[in-house]
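**Student:** Could you have a look at this structure, given as structure tokens, before my questions?
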Amino acid sequence: MEPEMEDKTLELMNTSGMDPQNGVDDMSPKKNTVLKLTNGPVVGSRKRPSEGNYEKEKEHCIALFDQWSEADQVEFVERLISRMCHYQHGHINSYLKPMLQRDFITALPAQGLDHIAENILSFLDARSLCSAELVCKEWQRVISEGMLWKKLIERMVRTDPLWKGLSERHQWEKYLFKNRTSEVPPNSYYHSLYPKIIQDIETIEANWRCGRHNLQRIQCRSENSKGVYCLQYDDDKIISGLRDNSIKIWDKQTLECLKILTGHTGSVLCLQYDERVIVTGSSDSTVRVWEVTTGEVLNTLIHHNEAVLHLRFANGLMVTCSKDRSIAVWDMASPTDISLRRVLVGHRAAVNVVDFDDKYIVSASGDRTIKVWSTSTCEFVRTLNGHKRGIACLQYRDRLVVSGSSDNTIRLWDIECGACLRVLEGHEELVRCIRFDNKRIVSGAYDGKIKVWDLQAALDPRAPASTLCLRTLVEHSGRVFRLQFDEFQIISSSHDDTILIWDFLNVSTNGQSEGRSPSRTYTYISR
């Protein structure tokens, strides 16, 4: 045993009344000791009375401590703490904890840095912002004067289409994205607005799940029309392509026909428009470009040998596909300057649908395959196999491709590896049209039904197949040819010559059965 430890051991034995020579306890009551058990060596210590020397020694130690550098002071304290027991560590920790806490939200405004405090709190979500308001009056003041509830709502409107749509439809967008003026309500307005928005969102989601909707119907019949093959809409209008060779433009609010474009000599099978032009494809084998506002024909492209079944355009590029089994890739410098870049050949039957982004062009055919091509080089990349019969529709975004087939199924694919992620079954006839967003897949089929599917569940291999179809909507009396949807509505067209608007936002529940709502019908009779 080391001498120092031996001395301490002897001291412990002596103070506890034990004879160091024979180990016999001295039971004499004259010694009063306190034993402390620590995580380190056993230490025996007496409760000593306060001595005058302690104060002098303490002041001397503090004086020396003050003369040292910060690094030396830290090293000394570390060594000092290492010699203490667990109880002492706990006492020091309790002493240090409040010293280490800083209310920076309160401290920053005192230094004239309100904007930094506001910026820090602006990253909080709604639940955390509610809690922050309850911390103290100063935090509440920073949140109120910083208009942080307004900023939270603005952040949601910028990043979430559902919030953006609600802001436009419920007219509170006019109070957003404005500097502090007399027109801007106080922070309390936005604080009370937030839970109302959440309630609206929950109601809309419940309406989708339960199939509750208001229905509006446009009758497109003319003397020789047999159906509405394609459509696209925005907040102001619906543009539809009909079997009677015409394009009809409808006012989305009044549902009245605003304009009829004629020129095709065959059925209008596909269309797409932007703020400048409408591009249409027809069974007359041509592609026509129309001016949106005037309806004037700006260009006619004659390339395909048979019906143009589908087309897409974006960012100066257009892709068309045809019953002639080919895909044409076009450069669109302007509506009047469109040139053929490349023809893609590989399908063994009619190419029914195309979609593309900056990376891939995706095509689907009656030959039961989906083919992937490089957008930049137009070179073939891979084939997706799995459908048992021809493929009628698809949509492609990011890594996901969703396709519908005459085998009555819908398949989800990973475009990068070509794997089929899920097969959705439920339609009784050919799946003719399909669209998806971040939450849902909506499909329409020749059985006259529209089905709403849970996309996130469909991508989860653990989700039972029985839970994937959220709702089946039955209003069309004929084949569903085309549909488009957003967070609030589905707009669909059919062989029954109608366009239906399924509104999940403005739902009247007065005495209506689930999934069915009163409709208003508008009929256009061509002259």
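**Student:** If contacts are Cα pairs under 8 angstrom and at least 6 residues apart, what is the relative contact order of region 316-413 in percent?
**Tutor:** 17 percent
**Student:** Accessible area per residue, 1.4 Å probe, Å², for the chain: what's the number?
**Tutor:** The answer is 54 Å² per residue.
**Student:** Then there is this: Using Cα pairs under 8 angstrom and six or more residues apart, how large is the relative contact order of the chain, in percent?
**Tutor:** 10 percent
**Student:** Keeping to pairs on different chains or 8 or more places apart, tell me how many lysine pairs in region 197-340 have Cα atoms under 22 Å apart.
**Tutor:** Value for region 197-340: 7.
**Student:** Something else about it: With a 1.4 Å probe and all protein chains in place, put THR369, THR265 in order of accessible area, largest first.
**Tutor:** Result of the area sort, largest leading: THR265, THR369.
**Student:** On the principal axes of its Cα set, how long, how wide and how thick is the chain? Give whole Å, largest value first.
**Tutor:** 123, 58, 52
**Student:** Same structure, new question: Find the all-direction average of the projected area of the Cα convex hull for region 191-316, expressing the result in square nanometres with one decimal place.
**Tutor:** Mean orientational projected area (region 191-316, Cα hull): 11.0 nm².
**Student:** Express the carbon and sulfur contribution to the solvent-accessible surface of region 438-498 as a percent, rounded to the nearest whole number, probe 1.4 angstrom.
**Tutor:** It is 48 percent, rounded to a whole number.
**Student:** Would you mind telling me the share, in percent, of accessible area of region 356-397 contributed by carbon and sulfur at probe 1.4 angstrom?
**Tutor:** That share works out to 43 percent.
**Student:** Between LYS164 and GLN67, with labels modelled 7 Å along Cα→Cβ, what's the label distance in nm to one decimal, could you check?
**Tutor:** Result: 7.1 nm between the two label points.
**Student:** Follow-up question, since we're still on this one. Would you work out which of PRO185, MET156, TRP172 lies farthest towards the positive end of the dipole of region 141-212, given +1 charges on the beta-carbon of Lys and Arg and -1 on that of Asp and Glu, about the Cα centre?
**Tutor:** After comparing all options, I get PRO185.
**Student:** Just going by the charge dipole of region 210-503, with Lys and Arg at +1 and Asp and Glu at -1 on Cβ, which of ILE338, ASN305, LEU271 is farthest out on the positive end?
**Tutor:** Farthest towards the positive pole: ASN305.
**Student:** If you don't mind, another one. With a 10 Å radius around each residue's Cβ, average the other Cβ atoms per peptide and rank 200-213, 99-112, highest first.
**Tutor:** 200-213, 99-112
**Student:** Go ahead and estimate [θ] at 222 nm for the chain from helices alone: -39,500 (n - 2.57) per DSSP H run with n ≥ 4, summed, over the residue count, rounded to 500.
**Tutor:** -8000 deg cm²/dmol
**Student:** Please give the residues of region 203-246, grouped as numeric ranges, whose backbone N is less than 13 Å from a label point set 7 Å along the Cα-to-Cβ vector of SER477.
**Tutor:** 219-221
**Student:** Using only the alpha-carbon atoms of region 210-503 as identical scatterers, what base-10 log of I(q)/I(0) does the Debye formula give at q = 0.12 Å⁻¹?
**Tutor:** Cα-only, vacuum Debye calculation for region 210-503: -0.74.
**Student:** Taking the Cα centre of the chain as origin, work out the dipole magnitude from +1 charges on Lys and Arg Cβ and -1 charges on Asp and Glu Cβ, in debye rounded to 20.
**Tutor:** Charge dipole, the chain, about its Cα centre: 2100 debye, nearest 20.
**Student:** Compare the peptides 495-501, 294-300 by average per-residue count of other Cβ atoms within 10 angstrom and give them in order, highest first.
**Tutor:** Highest mean packing first, the order is 495-501, 294-300.
**Student:** Along the charge dipole of the chain, Cβ charges K/R +1 and D/E -1, which of PRO98, ILE62, SER131 sits furthest on the positive end?
**Tutor:** SER131
**Student:** Compute, for VAL184, the solvent-accessible surface of its heavy atoms (probe 1.4 Å) with the complete set of protein chains present, and express it in square angstrom to the nearest 10.
**Tutor:** Counting only protein heavy atoms, the figure is 20 Å².
**Student:** Report, ordered by chain and residue number, the lysines lying within cross-link reach of LYS359, taken as a straight Cα distance under 22 Å and ignoring same-chain residues fewer than 8 apart.
**Tutor:** LYS371
The values are calculated or read from the model by the stated rules, or taken from the named source; none is laboratory data. Note that the coordinates shown come from a computational prediction; the quantities given were computed from them, not determined experimentally. All Cβ positions, even for glycine, are placed from backbone atoms using ideal geometry, and neighbour counts span all protein chains on display. Only protein heavy atoms, including side chains, enter the accessible area calculation; ligands, DNA and RNA are left aside. Shrake-Rupley method; radii C 1.70, N 1.55, O 1.52, S 1.80 Å.
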